[in-house]
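Worksheet: one structure, shown below.
The values are calculated or read from the model by the stated rules, or taken from the named source; none is laboratory data. Source: prediction; values computed, not measured. Neighbour counts are summed over all protein chains in view; Cβ atoms, including those assigned to glycine, are modelled from backbone coordinates with ideal geometry. Accessible surface areas use protein heavy atoms only, side chains included; no ligands, DNA or RNA. Shrake-Rupley method; radii C 1.70, N 1.55, O 1.52, S 1.80 Å.
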Number of protein chains: 2
Amino acid sequence: MDVMDDIDSAIVRELQRDARQTNRELAHKLGIAPSTCLERVRALRARGVITGYRATVDLGALNRPVQALLTIRIRPMNREVIERFKAFLVSLPEVLNIYVVAGGDDFLVHVAVPDLDRLHTLLMDSVFKRREVVDCRSSVIYQHVANDVIGPLTV
Amino acid sequence: MDVMDDIDSAIVRELQRDARQTNRELAHKLGIAPSTCLERVRALRARGVITGYRATVDLGALNRPVQALLTIRIRPMNREVIERFKAFLVSLPEVLNIYVVAGGDDFLVHVAVPDLDRLHTLLMDSVFKRREVVDCRSSVIYQHVANDVIGPLTV
DNA sequence: CCCACCGCCGAATTTTATTCGGCGACAAGG
DNA sequence: CCTTGTCGCCGAATAAAATTCGGCGGTGGG
C-alpha cells in the first residue's frame with residue numbers, strides 16, 4: 001500500500017530530475033506500460049510522496065545574483081514570537097529558505113538580492129527594525145549547490 | 001530580446017507554483033493563446049531563466065524525517081581543497097544543500113537523515129574523517145520553510 | 001506613406017494523457 | 001489440488017494536449 005518498491009523509487013528519482021518528461025518516456029525508461037506508470041505516479045502524488053512540481057529559475061536572470069545567509073537570534077523564545085517572526089520572514093520577497101534551528105542560533109535565513117546595497121537595506125530597514133531580533137550576522141554566499149535529486153540511503 | 005515583461009514574469013511565477021499545469025491552463029490564466037504561451041515558455045527555457053522542472057518530495061515519506069545544518073570550517077583555504085571537499089559533500093546522499101559562505105564559517109551543509117543516530121554516524125564516519133575539516137558544529141532543524149515561488153522585488 | 005519585421009493568433013496536425021475491459025499471478029479457503 | 005477472489009498490469013480506444021505553421025496586425029524605420 002504505502003511501501004516504495006524499486007519502480008516507485010525510480011519514478012521519484014526521474015521526476016526529481018525532470019518533472020516534465022512525458023509519461024511515455026518515463027514508462028519506457030522503467031520498462032512498464034504508460035498506463036501503469038501513470039497509475040504509479042498518481043498514487044505517489046496521492047500518498048504524499050511527491051508533493052508538487054516546480055520550475056527552477058536562475059536567480060541572476062531574475063536580477064537577484066547576490067545570496068546571503070542571515071543568522072538571527074530572537075527573544076523571548078516562545079511560540080508566539082517565533083511564529084510571528086517566521087510569518088514576517090515569509091512575507092519578505094528576498095527570502096528563499098527559512099531554517100528554524102536548535103542551538104545558539106534560532107533562525108537561519110537564506111536570501112537573494114540584486115546587490116550588496118539591497119542586502120544592507122534589507123538588514124537595516126526590515127530585520128533590525130524588529131524588536132524581537134537581538135542579534136543578526138550575515139554571510140555572503142559564494143556558491144550554492146542544491147542536490148535536487150534526493151536518492152535513497154544505503155541501508 | 002532578454003527583457004522580462006509582465007507576461008514572462010507571470011509565466012515564471014505560475015510554473016514555479018505548478019510546473020505541470022497544462023500549457024492551455026497557463027495560457028488561459030494569462031489571457032494569451034496557447035501557441036503564444038508555448039513560445040514564451042520555450043524562450044524562457046532557452047534564455048536560461050527557467051533552468052529545469054523538478055518534482056518535490058516529502059522527506060518523511062522517503063524515510064529521512066530528520067534535518068540538520070552542519071557548520072564546517074576547513075583548512076587550508078585554497079581552491080583545490082575547497083573543490084575537493086565540495087565534491088565529497090555532493091557525493092553524500094544525505095546532503096540536500098551546500099552553501100559556501102564568507103566569514104568565519106566556510107561551509108554550511110543542509111542534510112536529511114532517517115534519525116539522530118544516522119546524523120551522528122554521518123558526522124563521525126564521514127565528515128570528521130576528512131583531514132581538511134578543522135571544526136564542525138551541527139544543529140538540528142526544527143522547521144524548514146522554502147519559498148518555492150520567487151517573486152519580483154518591488155523596485 | 002510604404003515597407004519590413006516581429007509577435008501573436010487559431011486551425012490543423014501530431015503527440016500525449018487517460019480510461020477501461022480483460023488477463024494472469026498470487027493467496028486463501030475448500 | 002482445485003476454485004475463487006483480488007490486485008496490479010497491460011494495451012487498445014478515446015479524449016485531451018502539445019506543437020506546427022500560414023497569416024494577420026501593429027510598430028518602427030526609411
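What the table shows:
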{"item": "Exercise: per-residue mean of other protein chain Cβ atoms within 10 Å, A:108-117", "result": "2"}
{"item": "Backbone HN-Hα couplings from phi across segment B:28-37 [Karplus 6.51/-1.76/1.60, Hz, Gly and Pro as x]", "result": "4, 4, 8, x, 10, 6, x, 5, 5, 4"}
{"item": "Rounded Å value of the spacing that divides the Cα centres of segment B:96-155 and segment B:27-87", "result": "16"}
{"item": "P(r) tail fraction, segment B:1-53 - alpha-carbon pairs more than 12 Å apart, %", "result": "60"}
{"item": "Eligible lysines near B:LYS129 by straight Cα distance, threshold 27 Å, same-chain separation 8 or greater", "result": "B:LYS86"}
{"item": "Karplus-derived 3J(HN,Hα), 6.51/-1.76/1.60, for each residue of segment B:42-52, Hz, glycine and proline x", "result": "5, 5, 4, 5, 5, 6, x, 5, 8, 9, x"}
{"item": "Selection from B:LEU116, B:SER138, B:GLY151 lying farthest towards where the dipole of segment B:24-155 points positive, charges on Cβ", "result": "B:GLY151"}
{"item": "D_trans [Stokes-Einstein, Kirkwood Rh over alpha-carbon pairs] for chain B, 25 °C, 0.890 mPa s, µm² s⁻¹", "result": "132"}
{"item": "Accessible area of segment A:12-86 divided out per residue, in Å², using a probe of 1.4 angstrom", "result": "52"}
{"item": "Interface burial for B against A (accessible surface, 1.4 Å probe, total of both chains, Å², rounded to 100)", "result": "5400"}
{"item": "Shielding by partners - mean other protein chain Cβ count within 10 Å, residues of B:37-46", "result": "1"}
{"item": "Computed [θ] at 222 nm, deg cm²/dmol, chain A (DSSP H ≥ 4; -39,500 (n - 2.57); rounded to nearest 500)", "result": "-10000 deg cm²/dmol"}
{"item": "Rh (Kirkwood; distinct C-alpha pairs) - segment A:92-151, Å", "result": "13.3"}
{"item": "Estimated Rh, the protein assembly as shown: Kirkwood, alpha-carbon pairs, angstrom", "result": "21.1"}
{"item": "Accessible area of segment B:6-47 belonging to carbon and sulfur atoms, whole % at 1.4 Å probe", "result": "49"}
{"item": "Heavy-atom accessible surface of segment B:66-140: percent carbon and sulfur, 1.4 Å", "result": "51"}
